[in-house]
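Some notes on the structure that comes next.
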Amino acid sequence: MNYFKFKGENVKIWDNKLDLSEKGINNISEIKDLESLTFLKELDLSGNNIREIKNLEGLKNLEALNLRYNQIIEVNGFENLTRLKRLFLYNNRISEIKGINNLNNLKVLNLYENNIKEITNLENLTGLKELYLGSNKIIEIKEDPALLEQSRGSKFFQLLTE
């Protein structure tokens, strides 16, 4: 078991998972030496006050990223996270789906409870098995129906329900 020092506190890294949820983080750059944790498979930054996704490019082995319950407006910063399988962005302030086209290994995408109006930019996510888009402001679907059917026929697909 490893430890990661954050704001004077030793936080356990258990089974390549780091939980920094509800730590009062306003900016990911506050997390000193995060880029050195290249072995991390899971990172939980939920319940903070993060507005922008950045400084994650060194975490090339990351498979799960939890950014729920933050203040994120724009989805970006995932260019190097090509091993990502699960991405949780629910309950933020995201208005547009973008910046995730290169995440070919993504299986779960949760964008529940944001401000999304259109479903777009999902065409490259061919491995997607679970797609959560409920409690958004969706008025238009500009996506290939085959992709949505693929997700609908899988384990879970939630689009316009509460």
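Of note:
- Flag if residue 30 is more than 23 Å from residue 122 (Cβ to Cβ), acidic (Asp, Glu) and free of Cβ contacts under 8 Å to residues at least 24 places away in the same chain: yes
- Unique match (being touching an Asp or Glu at 6+ places or on another chain (Cβ under 6 Å) and either modelled with pLDDT under 85 or within 19 Å of residue 65 (Cα to Cα) (or both)) among 142, 129, 107: 142
- None of 76, 110 is within 21 Å of residue 138 (Cα to Cα), in contact (Cβ under 8 Å) with a residue 40 or more places away in the chain and of a type outside the set (A, V, I, L, M, F, W, C) except 110.
- Subset of region 1-56 [within 26 Å of residue 111 (Cβ to Cβ), part of a loop (DSSP other than H, G, I, E, B) and either of a type in the set (Ser, Thr, Tyr) or in contact with a Cys (Cβ under 9 Å, 6 or more places away or on another chain) (or both)]: 21, 46
- Residue 8 vs. criteria among the small types (Gly, Ala, Ser), surrounded by fewer than 19 Cβ atoms within 10 Å (Cβ to Cβ) and touching a residue at least 12 places away in the same chain (Cβ under 8 Å): no
- Pick from region 65-87, criterion touching a Phe, Trp or Tyr at 6+ places or on another chain (Cβ under 9 Å) and under 15 Å from residue 128 (Cβ atoms), ranking: surrounded by the most Cβ atoms within 10 Å (Cβ to Cβ): 84
The values are calculated or read from the model by the stated rules, or taken from the named source; none is laboratory data. None of these values were measured; they are calculated from a predicted model. Every residue, glycine as well, gets a Cβ built from its backbone with ideal geometry; the counts of neighbours run over all protein chains shown.
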